[in-house]
Each structure stands twice: as C-alpha cells, then as structure tokens.
C-alpha cells in the first residue's frame, strides 16, 4: 500500500521513499517498498526504452518530481517528456561524469530516485569529485552511478578497489570492490616510469590519504615516488622506497593494509605467562597492549583480562614494554556520555596508579563501536571531554582506541595519541578517512599466535608511544583502612544498608561498599586532591532550580572541608536528583575513593547516601536546622547539597519568589555555615 507523501514542500528521504513506491506501483509490482532493489530495476528495464522524448506517462511525472528533489529544475510537474526534462537529464549526466546524451537508463533512474548528491558539497573536495566522475564514466554500467559530491565515502572506496580489480584482469562479473584473496594475489608491483590506469589509482589513493597533490594523469613520476616514500614513512612500512607494492597499494585503499606485514606490537585480552611472553619476544615483538581492568567472555567462558603485577614483572623482565588500555564497556553508542567519561577516567587512573604505571603514561580509552560521523559530536566527544577532565593533573595522558574517524575527532580536542582500530576495515569510520597524525598504534589483524594458543591483535607501532618498561613501587591500602580516614567515627558495617534518619518528612539511608554502581542519569564530579571540580558541581547545583552563587559557593566550600572529600586524592562524587509524583524529592550522593594521601586503594571504596525529602510535610526552618544538628556533620552537609532551600523557592508562585529568595538564602546560608 502506498504511503502518503509528506506535504511540507521539503525534499528528503521521506519524499524519495514515496516517489520510489509510486514508481513501483506504476511498474505494477505487487509488493512496494522504500528501496530501489533488483525487482524495481528489472521491472524498469522492461519499459525504460519507452520513456523517451514526446512520450507521456505517470512515470514521467514521477521522474520530474525526483528532479525537483535533486535540485535540478524540469520546469514543470506534468506527465509530458518535453525538452526541459531532456535538459534536466543531460544536466544530471554531466554532473555525474557521464556522456550527456539525454537518454534515461536504469542506473540513472536509481541515482535520480535517491538522496545522493552530484554537485560539490560544502565539505566536499573538487579533486575527489573529479575522481568520482572519472570512476562513473568508466564503471557506472557495472557499479551503478556513484555520488559526485566531493566526499570520499564507502562507495568511492569500493569503486577504487573495483577499478584495481579490473586493471588486474578480474572480469566484471567477479570484481566486487572487496580487497580479497584474488585481488591481493594479483596486486602488481609498480615503479617509477610506469604509466596507465594502475598509476592513476595509486595517485588517487595517495591523494585521499593526504600525500599527493599532483595530476591524476596515470604517470609514475618522481613526485609520485616521493609521495610513496612519505606514505611509507608515516605508516612505518619499511623499506622506505619509491616502489608501490602490495603493502603500499592495499595500504592506500584499505584501513588494514597488508595484513602479512611485520610489526613489533600486539594487544591481547589474555593474562600472559612467562612462557608465552618468551615466545612473543622470540617472534620479534617489543610492545604489548594490556587491559587495566575487567573481564572478557560470558557465562562459563568469562575470564579476567586485567593486567596483574606478576604479569608486569614477567613482561618487563623479558625486555618488552606495556601500553595500557581501558575498556569496561563501550560496545554500544549509548555508553558514551560525559558522566561515563568522568567515571572511566577516574577508574582508569586509579587502576594505572595501583599497577605502578609512571606519570607520563598514555592510557587508551576504547570506543569499540562503529559510530557514524554525524553522531560522534553527541557521544564520543563529550565522553572524551569527561575523560580528559578526570585524568587532568593525574600525571597520565589520554589516548583513544577507535576508528580513524573517531581518532580524528579525538585529536582535535586534545587527546594525545591514537590507537587506531584499522583491523575493522569495513567499518564506516575507517572508509575514506585518513590516518590521524597522532597515531601511535595501528591494529591491523587478529589471529591465534602459534604454539601459545593465545588470541592476539597485531599492531604496527609508530614510535610515538614506546610503552612502559619501568614501573614504580606502589603504596597500597585496604578499603577498611581508607574508611577510617574518610569517616573516622563511622559506626556502620560495610556492604550493609543503614538508616541515619527517618521521619515523615525526611529519610536518610546509606551503604558503604566496594561494588558500587552509579545510578543511571547521575552527574559524576571529579574529586582531586581533596576538592570537588567546581564547574561540574556548580552545573549540578544550578540544575536543581533557582540557583544562587552564595549558596553554591558555601556548599562547595563545605564539601571540600568534609572528610569524605578532603581525604580523597583521586576520586569521584556521583549525584542524582529525582522528583516523585507524591511531592517527594530524592537525592542520591556517592563518594568514591580510588586513592587517598595514604596510598592507592586495593579496591575502590564508596560511601553512598540517599536522602528522600517529602516536601508536603517539610517542617519549619527551625525544625530543619535542629534535625541537621542531630544527624551530624556528614549527613547534614549531604542534606544541604540537595539544595532543599532552592527547591522550596522553585515551588513558590512567581510573584513572591523575589521577596522570599533573600530570606530563604539568609536562613539557608546561616544553617549550613553553622555546621561544624
């Protein structure tokens, strides 16, 4: 059944889908769909020769509609195939790099009934568009018509590989744009003085990777040779000669390149024994990437993947160095938020410190998912900004593991090094994107390493990050010992929920735990050297309602004098506020310590409090102040930070807020300031 087209005067996929379904209807297909697949093409092929100048049909009207969507005017929206429509067809053909003969083809119809652009986009490159038009002219009958928008994308990359396959002698029915075994076997070795299409393909590859600005003329000149040398050196593809062989050509056209090449680094989720390490050393490896925390596998196959102190000794004693990776999630796009970045930054630095990684070490935070280009700014960017803020002043550096595109975004916001997931050559974030200039490791293949039986990912190393071979001695402390410094007079047992205060208008419960999970939607605030991050804390307090700088500054000051905060060298505060339908407000606060001045904790310790205030039953300010005095400093500060006074102000009618704010703030600041 035909879906009704949107009547909003705007182009877009919704109207394109409607045009496709209407075309299918006119072609008498019984099942209609949003795609332009084989059935539509086969049915269209039967009638395409009847759609010509001076003919008239509803299909012609649909074609004109598609041209309007494409931004090419047919000057009317009628059923008549007139001179204006013929001119529009020639315009599209010319834009696509085809012979402008004015004749419709099935492939041209597929390109027309689509949102692909055939003019240079704002973010497009005219040299890329030149390449796209040339590829269309040569191969559109086999591949379909590529967009010619100047943006190097999956289709452009596929077409380049297809062009290589045809040059190699692979027939049109076998060539598919995938750099597989036969393409690898047939890849030629090309040297200076060669001419022809193979050289043009190499020139295209050098250009899109940022190493060549010359003509796409198919002539292997000294300039091309110099560009190849520069590419080899950048990617560490020895020997640094001008020859374009499999390593160069596949390296230009795919993210993983020649997967049989040698390299000196690898990463693994397996805890390594001395025997296995010796075998890797003998195989020529010098650097190993290991995970700071976590497990791998599920169910009965779940096993720890975290680096251990004994493993560090075995690896470094064998002469290898280590680069640390943090990944305790990150397999789904929704994982990547600013708060999660703050959490992960704290967890990673704590784990690195506990293992004795020295200052200056780069920790690689994993983005192990193919996030689309348009979604990175709303996910990975805020996540990494949270990581950067949490790791700042710790002595450690932030790196990222992800696709080329993710790494390019990360490089722009100050991430030091990139560990590039080039092995996933089919991911959109690796197709058509250059290697980041700050790459340190290039993950290009995975396999089980011979007699070790260990699954590894093999990585090229740029030399920017040499890993860590010398580790410091770490002063550790137990969670129990840390609790004594954080809460000296604590009378509650760990892992047992307790109640501190319980009336009809307020209830305070809590738990001291080493297995804390922050509530979904929490704001995570970094604690460093006994102080909360003021920017994040102000942001949370302001989110509670009618903010007041006096109140905010006072609360932050009190927080920083509180032993929960002041004794934490590296930790986090998790806060969340929710409103109930019964007029209640619930505030969840959790202090997590990774490190105190006395040492790094063996396991993170969290003091979690939940404060529930039933606003309809809220007492007088005198009663509130008296209650705060009875429950003690710890809970009193916790209640203060909830911004109870601010919330009450927010509940008042607008015409009295101004008059009440001053009195409320005065009472609130007096109460909080009196807390010892």
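Read-outs: derived from the displayed coordinates by stated rules, not from any lab. Since we're looking at a predicted model, the values are computed, not measured. No Cβ is skipped: glycine too gets one built from the backbone with ideal geometry, and neighbour counts run over all protein chains shown.
What the table below lists for this structure:
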{"quantity": "Percent RCO, i.e. relative contact order, over the chain, from Cα pairs under 8 Å lying at least 6 residues apart", "calculated": "8 percent"}
{"quantity": "Neighbour-count order for 315, 413, fewest beta carbons within 10 angstrom listed first", "calculated": "413, 315"}
{"quantity": "Degrees between helix 338-355 axis and first principal axis of the chain (Cα, 0 to 90, nearest 10)", "calculated": "70 degrees"}
{"quantity": "Per-residue [θ]222 nm for the chain (sum of -39500 (n - 2.57) over DSSP H runs n ≥ 4, rounded to 500)", "calculated": "-12000 deg cm²/dmol"}
{"quantity": "Spatial separation of Cα centroids for region 345-407 and region 474-532, in angstrom", "calculated": "26 Å"}
{"quantity": "Antiparallel %, DSSP beta bridges [both residues in the chain], to 5", "calculated": "70 percent"}
{"quantity": "Ascending count of other beta-carbon atoms within 10 Å, so fewest first, for 427, 439, 13, 68", "calculated": "13, 68, 427, 439"}
{"quantity": "Gap separating the Cα centres of region 212-273 and region 89-117, nearest whole Å", "calculated": "36 Å"}
{"quantity": "Global size of the chain as Cα Rg and Dmax, reported in angstrom", "calculated": "31.9, 94"}
{"quantity": "Order of 154, 353, 303, 20 under a 10 Å beta carbon neighbour criterion, fewest first", "calculated": "303, 154, 20, 353"}
